[in-house]
Amino acid sequence: MHSPDLIAANVERIAELFPSVVTESLDESGNPVRAIDFDALRQELSDHIVDGLRERYQLDWPGKRAARLAANAPIAKTLRPVREESVDFDTTKNLFIEGDNLDALKLLQESYLGKVKLIYIDPPYNTGKDEFVYPDDYSEGAVEHLARSGEVNDAGERLRSNPEASGRFHSGWLDMIYPRLRLARSLLTTDGYIVVSIDDQELSAMELLLDEVMGASNKLAVLVWDRNRKNDARFFSVGHEYMLVYARDKAALTEGQTRLREPQPGFAEAREFIADAIERLGENWEAVQGEWRRWTAGLPKDDERRKLGRFSKVGPRGPFRDDGNINWPGGGGPRYEVLHPKTGKPVKLPTSGWRFPTKERFDEVVREGRVIFGADETTVPRVLSFLFESDGLVMGSVHYSYAQTATTDFEGLMGGKMFDNPKNWKDLARLVEYLSGPADIVLDFFAGSGSTGHAVMDLNASAGSERRFVLVQVAEPVPEKSVAAAHGYGTIADIARDRLRRAGAAVDANSTPDTGFRVLRIDTTNMSSDPRPPDREAQGELDLHVDSVKTGRTGEDLLFQVLTDWGLDLALPIEVEQIGGIEVFDVDAGSLVLAVGVGAERERERERERERSFRGGRCHRGSATAASGVPRCRLRRRCSAHQHGAGVP
Ligand SMILES: C[S@@+](CC[C@H](N)C(=O)[O-])C[C@H]1O[C@@H](n2cnc3c(N)ncnc32)[C@H](O)[C@@H]1O
């Protein structure tokens, strides 16, 4: 009934690496526990240890230790399904979790360990105005603490802004983000990625933090996104922000020959254009080429698709270019002999040697029709490349995406300014397509207005994929006098859910991707009290524990607690049936069957048993109540079990 004990998991991991350092000890309460013999571990690591006051390279701040503990501490919370806020609750594979993401990340540890391909987050940038949940400063006195901590929302989360004058401006923000990143890492697949948006306020801290949590060697890029111009700036108009991109394991990606590529801008339209031209003009390549050149030349100068015009010729394999360099890059390449196909004489060698390492490879490329020879052997052959056969482009590190465009698109969808600075869902869709496969899980645990969920739905619709999203957003109340409040939204989570509904309706028109989402709300455990050993129970209090489940909790609440505790996918399809008064949940066509209400049914069965024994001449104390209110035996003859007769109390 608690989230997993991550410290115990760490001990297991060390034990796997160094079995000899595992020992047994007693914890604070005198219970035996598995422990690590630190002296033995020290010997295993010999002189590769830094401790005490010795200098080292690291990011440190007051509170880091406590923040690390916060990441590992188990919690007694649960995820409660909210059908009425969900869309396609029973069948959707998408999740929307409402609550503090630190709790959410802990609750997801079993079900999504090593299963998430891409994490995208856009956390509070620490502007001094944005709100987030951060732990109490343990070094802070109670009075100061109380002065700060009145700001609790309806769900009981301690949301606070982090004013610059707080004296813990950077530390407070680091306290908040550090444990979350640590927990997030373990959810990633070995070939997964994490992308973090940030601006220059905390760029340096975030980069050092990610270096620590993800490993500096796993950094893939720091992308720059130009978003706006502010002419009122005094010194510089800093209009860009960043995305830090890290792999879970870059070495494994390199070993697995991973090469990230995306389609050239306008690729899909180019296919349509050529197909249409062939339909109208037949295989008259000169005519098709003429139309193709006119179309590409007519595109606006700043349109990315204009680059398609480099493929200036068109043939049976679509648009192609024949000016490719056949030189070995940098010089010193192989210098084998190649004969001209017509003259039969050796062709002129490229100055730095052939681009293809062996003659066999060269011949293979010629057979594939990707080398063009000159009229005779005096010119160096060239390489052909075909637009429709290219494996795409590697993504650049500088991007232009104006904040105003994202805002206008968002407001168009929502009918007003419900949320400040939403990310552009089309940019996120591009990123999701680049970094994940067609059936992968994408997680955003600072969901805001739900742009990442929208991006996944949109991408699934256009690419025909089945990516799934998991979003987490705390129930941050919207400001009282905001446009969102005027439109009846209570929290940012409400805005996000409505946005997803609208986005789903918009993409639904043309295709049928999963536009639903299952809403789960973080709450205290369903159990009415923490389990205690018998010797800690008082005899007189036993009846307080008759019901182990809190009142108001449903069968479905219990089902989700089981799914979470057992580490099952929280988006599995569920069917509910009533069998003899018992609510039976069939999860994933029989993978898990949970019957709720067995206790009540067993009670009814006992009642029936009493009735039967009554008819057979045996009574049961209390089974019949006289008008006086005192339970009396209603047997006419002598009770065979209790040796008493009718009317005996
Ligand atoms: C910068 S916004 C994300 C905007 C989002 N990318 C979009 O396009 O709409 C950060 C969000 O994180 C939320 N947040 C802050 N602290 C949180 C916490 N501890 N748990 C969950 N959400 C949190 C805030 O309410 C805010 O909506």
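Computed quantities for the displayed model
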quantity: Residue match in region 70-89 (condition: hydroxyl-bearing (Ser, Thr, Tyr), surrounded by fewer than 16 Cβ atoms within 10 Å (Cβ to Cβ) and assigned to a loop (DSSP other than H, G, I, E, B)); calculated: no
quantity: One residue from Pro341, Pro350 being part of a loop (DSSP other than H, G, I, E, B), over 23 Å from Arg317 (Cα atoms) and not small (Gly, Ala, Ser); calculated: Pro350
quantity: Considering residues of region 106-120 that are under 11 Å from Val470 (Cα atoms) and not in a loop (DSSP other than H, G, I, E, B) only, the residue farthest from the ligand (Cβ to nearest atom); calculated: Val116
quantity: Tally of residues being within 16 Å of the ligand (Cβ to nearest atom) and either touching a strand residue (DSSP E or B) at 6+ places or on another chain (Cβ under 6 Å) or not basic (Lys, Arg) (or both) across region 170-203; calculated: 22
quantity: Helices (runs of 4 or more DSSP H) within region 374-467 that include 2 or more residues buried (at least 22 other Cβ atoms within 10 Å of the Cβ) and either in contact with an Asp or Glu (Cβ under 6 Å, 6 or more places away or on another chain) or not small (Gly, Ala, Ser) (or both); calculated: 425-435, 451-463
quantity: Total residues in region 387-436, condition under 22 Å from the mean Cα position of the chain (by Cα) and under 30 Å from Gly324 (Cβ atoms); calculated: 6
quantity: Residue within region 422-435 that is more than 9 Å from the ligand (Cβ to nearest atom), without any contact (Cβ under 8 Å) to a residue 24 or more places away in the chain and of a type in the set (Asp, Glu) present; calculated: no
quantity: Residue list for region 121-164, restricted to those being more than 10 Å from the ligand (Cβ to nearest atom), at pLDDT 75 or above and either under 22 Å from Lys423 (Cα atoms) or small (Gly, Ala, Ser) (or both); calculated: Asn126, Gly128, Lys129, Ser161
quantity: Check on Ala251, touching a Gly at 6+ places or on another chain (Cβ under 7 Å) and among the small types (Gly, Ala, Ser); calculated: no
quantity: Count of residues meeting criterion [on the phi > 0 side of the Ramachandran plot and either among the charged types (D, E, K, R) or at pLDDT below 50 (or both)] in region 165-185; calculated: 0
quantity: Scope region 468-477; condition among the charged types (D, E, K, R) and either within 10 Å of the ligand (Cβ to nearest atom) or in a loop (DSSP other than H, G, I, E, B) (or both); matching residues; calculated: Glu476
quantity: Failed criterion for Glu480 (all others in (1) surrounded by fewer than 21 Cβ atoms within 10 Å (Cβ to Cβ); (2) modelled with pLDDT of 95 or more; (3) of a type in the set (D, E, K, R); (4) more than 15 Å from the ligand (Cβ to nearest atom) hold); calculated: (2)
quantity: Neighbours by Cβ (under 8 Å, 6+ apart or cross-chain): first from region 298-320, part of a helix (DSSP H, G or I); second among the acidic types (Asp, Glu); calculated: Arg305/Glu269
quantity: Options Arg248, Arg280: the member that is touching a helix residue (DSSP H, G or I) at 6+ places or on another chain (Cβ under 8 Å) and not aromatic (Phe, Trp, Tyr); calculated: Arg248
quantity: Test for Gly331: is it at positive phi and surrounded by 15 or more Cβ atoms within 10 Å (Cβ to Cβ); calculated: no
quantity: Subset tally (residues that are under 23 Å from Gly415 (Cβ atoms) and not aliphatic (A, V, I, L, M)) for region 440-468; calculated: 8
quantity: Subset of region 385-435 that is farther than 17 Å from Gly453 by Cα and among the hydroxyl-bearing types (Ser, Thr, Tyr) - its residue that is modelled with the lowest pLDDT; calculated: Ser390
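The values are calculated or read from the model by the stated rules, or taken from the named source; none is laboratory data. Everything numeric here is computed off the predicted structure, so don't read it as measured data. With ideal geometry, Cβ positions are generated from the backbone for all residues, glycine too; neighbour counts draw on all protein chains shown.
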